[in-house]
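Novice: Take this structure, written in structure tokens, and hold onto it; I'll ask about it next.
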Amino acid sequence: METIFNFFEANQEIIYMVILMIFLGIEVIGRVPSVLHTPLMSGANAIHGVVIIGALIVMGEADPTNYVALILGFLAVLLGTLNVVGGFVVTDRMLEMFKKKRS
Amino acid sequence: MFASLLTIIYLIASVTFIVGLKMLSHPETARRGNLIAAGGMGIAIFGTIFLYKTSTGEHLGNLVWMFAALIIGAVLGTISSKKVKMTAMPEMVSLFNGMGGACAMLISLIEFNHAKNTTIELGHFLAIVLGLIIGSISFAGSIIAYLKLSGKQKDISFKGQHIFNALLFLIILVGAVITYNADVTMAPTYFYITFALAVIYGVFFVLPIGGADMPVVISLLNSLTGVAAACGGFLYNNKAMLTGGILVGAAGTLLTVLMCKAMNRSLLNVIIGNWGGSVAAS
């Protein structure tokens with residue numbers, strides 16, 4: 001029990017932030033029209049590619065002689081980049097088509 | 001000074017994610033919103049590479065490897081998303097989502113290897129193990145969703161699948177608890193078993209769901225990857241990862257519900273399919 005209380009005490013800033021972000025996330029896209037559902041999904045997909053920052057840190061901190069960590073880190077950065085770049089490019093292409101259709 | 005510059009960069013990145021999502025939900029501003037979020041992501045990535053300081057005050061190393069991975073990823077990502085047919089867009093999104101999940105999963109694997117010989121505090125452990133479980137489920141599930149949408153994988157369901165899935169999920173949670181309480185010699189074994197089960201769960205979670213419901217499932221997996229990214233944010237005390245991840249987690253969940261509504265169905269109905277009423281829903 002004490003561990004749990006300590007956990008909340010030590011991380012209260014982050015816990016507040018998480019709760020506020022949950023409400024913000026719901027509020028921000030609350031009125032999206034249904035034609036934009038797929039592009040929005042794709043855009044959100046690109047944004048969670050921010051996980052690549054973690055991959056960069058892991059890779060940069062790895063001991064250059066520890067090949068397992070290096071290879072796993074390399075893969076993590078590669079996959080994260082695919083997520084970010086692919087995500088944004090795909091979203092842009094979807095929205096481009098959307099624009100042409102309307103005009 | 002460089003450290004505080006990086007703080008400002010992460011702050012700007014977080015704001016661009018919020019503004020980007022907001023603009024993406026209006027037809028006139030959507031495209032610009034996407035570009036703004038992409039810009040925020042760009043500065044966050046290069047800021048991390050050049051300004052991040054480790055706990056011992058050193059800059060990040062292995063830059064050659066890092067840039068090799070970045071360039072290969074960027075080229076592959078651009079080519080594959082420029083070439084894909086408009087009708088195949090959802091499966092491409094699913095594939096990229098799986099890559100993000102796998103990224104979170106790998107981070108957790110490496111961080112566990114770092115920490116396994118030391119006593120680990122609860123918050124740190126939770127971030128690692130949740131990132132692993134959620135990332136693995138999202139990775140395996142997205143790959144199955146991709147295979148289904150591209151017609152390479154048919155729906156597979158067997159009797160009692162929902163109960164099987166629920167049990168499997170319970171075992172994964174138990175595995176995480178056992179790992180936390182295990183001693184140094186046994187913890188890795190339990191950790192890798194939990195990891196394997198999470199991957200299997202991701203496969204069995206998506207397998208029975210009908211092909212027409214795939215976009216909803218992809219949206220759900222998308223928000224899961226967001227949560228996995230947020231776990232990484234907790235691990236490194238990185239506010240850009242945390243806000244971006246939670247934002248996508250929350251917005252993605254709402255979007256999943258909205259997509260179900262647009263199809264006139266409930267989320268429960270999509271996940272359980274025509275087997276309504278099973279306990280496995282939760």
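Novice: Quick check: is even one residue across the range A:46-60 touching a Lys or Arg at 6+ places or on another chain (Cβ under 7 Å) and closer than 27 Å to B:T29 by Cβ?
Specialist: So far as the range A:46-60 goes, no, none of its residues is touching a Lys or Arg at 6+ places or on another chain (Cβ under 7 Å) and closer than 27 Å to B:T29 by Cβ.
Novice: So, one more: Residue under question is A:G80, and the condition is that it be over 21 Å from B:K82 (Cα atoms) and either acidic (D, E) or out of contact with any Ser or Thr (no Cβ under 6 Å at 6 or more places or on another chain) (or both); does it hold?
Specialist: When the stated conditions are applied, A:G80 does not pass them.
Novice: Moving on to the next point. Taking A:L56, is it over 12 Å from the mean Cα position of the chain (by Cα) and either more than 7 Å from every other protein chain (Cβ to nearest Cβ) or closer than 18 Å to B:G47 by Cβ (or both)?
Specialist: yes
Novice: Continuing with this model, one more query. Out of the residues in the range B:45-62 that are open to solvent by less than 60 Å² (accessible area, probe 1.4 Å) and in a helix (DSSP H, G or I), which is farthest from B:A3 (Cα to Cα)? Give the derivation first.
Specialist: Just the residues of the range B:45-62 that are open to solvent by less than 60 Å² (accessible area, probe 1.4 Å), to begin with: B:45, B:47-49, B:51-52, B:54, B:57, B:60-62.
Now drop any that are not in a helix (DSSP H, G or I), which leaves B:45, B:47-49, B:51.
Details: B:I45: 15, B:G47: 10, B:T48: 10, B:I49: 12, B:L51: 7 Å.
Per the stated criteria, the residue is B:I45.
Novice: For B:G42, state whether it is surrounded by 16 or more Cβ atoms within 10 Å (Cβ to Cβ) and in a helix (DSSP H, G or I). Before the answer, list the steps.
Specialist: Working: surrounded by 16 or more Cβ atoms within 10 Å (Cβ to Cβ): no; in a helix (DSSP H, G or I): yes.
The answer is no for B:G42.
Novice: Select from the range B:233-242 the residues that are of a type outside the set (A, V, I, L, M, F, W, C), open to solvent by 10 Å² or more (accessible area, probe 1.4 Å) and either facing chain A (nearest Cβ under 7 Å) or within 19 Å of B:I137 (Cβ to Cβ) (or both) and list them in ascending order.
Specialist: Scanning the range B:233-242 gives a single hit, B:Y236.
Novice: Okay, moving on. Can B:G101 be described as open to solvent by less than 10 Å² (accessible area, probe 1.4 Å), assigned to a helix (DSSP H, G or I) and not assigned by TED's automatic domain parsing to the domain that holds B:V206? Spell out the reasoning first.
Specialist: Details: open to solvent by less than 10 Å² (accessible area, probe 1.4 Å): yes; assigned to a helix (DSSP H, G or I): yes; not assigned by TED's automatic domain parsing to the domain that holds B:V206: no.
No, not satisfied.
Novice: Is it true that some residue in the range A:20-40 is open to solvent by 20 Å² or more (accessible area, probe 1.4 Å), aromatic (F, W, Y), facing chain B (nearest Cβ under 7 Å) and out of contact with any Leu (no Cβ under 6 Å at 6 or more places or on another chain)? Working first, answer last.
Specialist: Quick first cut of the range A:20-40, residues open to solvent by 20 Å² or more (accessible area, probe 1.4 Å) only: A:20-24, A:26-27, A:30-31, A:33-35, A:38.
Those still in the list that are aromatic (F, W, Y) too: A:23.
With the extra rule that they be facing chain B (nearest Cβ under 7 Å), the set shrinks to none.
Checked against the condition, which is being open to solvent by 20 Å² or more (accessible area, probe 1.4 Å), aromatic (F, W, Y), facing chain B (nearest Cβ under 7 Å) and out of contact with any Leu (no Cβ under 6 Å at 6 or more places or on another chain), the range A:20-40 yields no hits at all.
Novice: I've got another one for you. Take B:A228 and tell me if it is under 18 Å from B:L109 (Cα atoms) and in contact with a Cys (Cβ under 9 Å, 6 or more places away or on another chain).
Specialist: When the stated conditions are applied, B:A228 passes them.
Okay, residues lined up against (1) within 14 Å of B:G244 (Cα to Cα); (2) of a type in the set (A, V, I, L, M):
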residue: B:Y10; (1), (2): yes, no
residue: B:V15; (1), (2): yes, yes
residue: B:M23; (1), (2): no, yes
residue: B:A30; (1), (2): no, yes
residue: B:A38; (1), (2): yes, yes
residue: B:F46; (1), (2): no, no
residue: B:F50; (1), (2): no, no
residue: B:S55; (1), (2): no, no
residue: B:G61; (1), (2): no, no
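Novice: Same structure again: Where residues in the range B:211-224 are over 18 Å from B:A38 (Cα atoms) and of a type outside the set (A, V, I, L, M, F, W, C), which of them is surrounded by the fewest Cβ atoms within 10 Å (Cβ to Cβ)?
Specialist: B:G211
Novice: Could you check the range B:244-264 and list, in sequence order, the residues that are open to solvent by 20 Å² or more (accessible area, probe 1.4 Å) and in contact (Cβ under 8 Å) with a residue 40 or more places away in the chain?
Specialist: Once the filter is applied, which keeps residues that are open to solvent by 20 Å² or more (accessible area, probe 1.4 Å) and in contact (Cβ under 8 Å) with a residue 40 or more places away in the chain, the range B:244-264 yields only B:M263.
Novice: Ok, one more. Restricting to the range B:65-82, name every residue that is more than 7 Å from chain A (Cβ to nearest Cβ) and in contact with a Leu (Cβ under 9 Å, 6 or more places away or on another chain).
Specialist: B:A68
Novice: When the residues of the range B:104-152 are filtered to those that are polar (S, T, N, Q) and outside any loop (DSSP other than H, G, I, E, B), which remaining residue is surrounded by the most Cβ atoms within 10 Å (Cβ to Cβ)?
Specialist: B:S138
Novice: If we keep just the residues of the range B:17-54 that are at the interface with chain A (Cβ under 9 Å from one of its Cβ atoms) and of a type in the set (S, T, N, Q), which is farthest from the chain's Cα centre (by Cα)?
Specialist: Applying the filter and picking the extreme gives B:T54.
The values are calculated or read from the model by the stated rules, or taken from the named source; none is laboratory data. Predicted, not measured: the structure shown is a model, and the values here were computed from it. FYI the Cβ positions are ideal-geometry reconstructions off the backbone, even for glycines, and counts take in every protein chain you see. Just the protein is used for accessible areas: all its heavy atoms, side chains included, with ligands, DNA and RNA removed. Shrake-Rupley method; radii C 1.70, N 1.55, O 1.52, S 1.80 Å.
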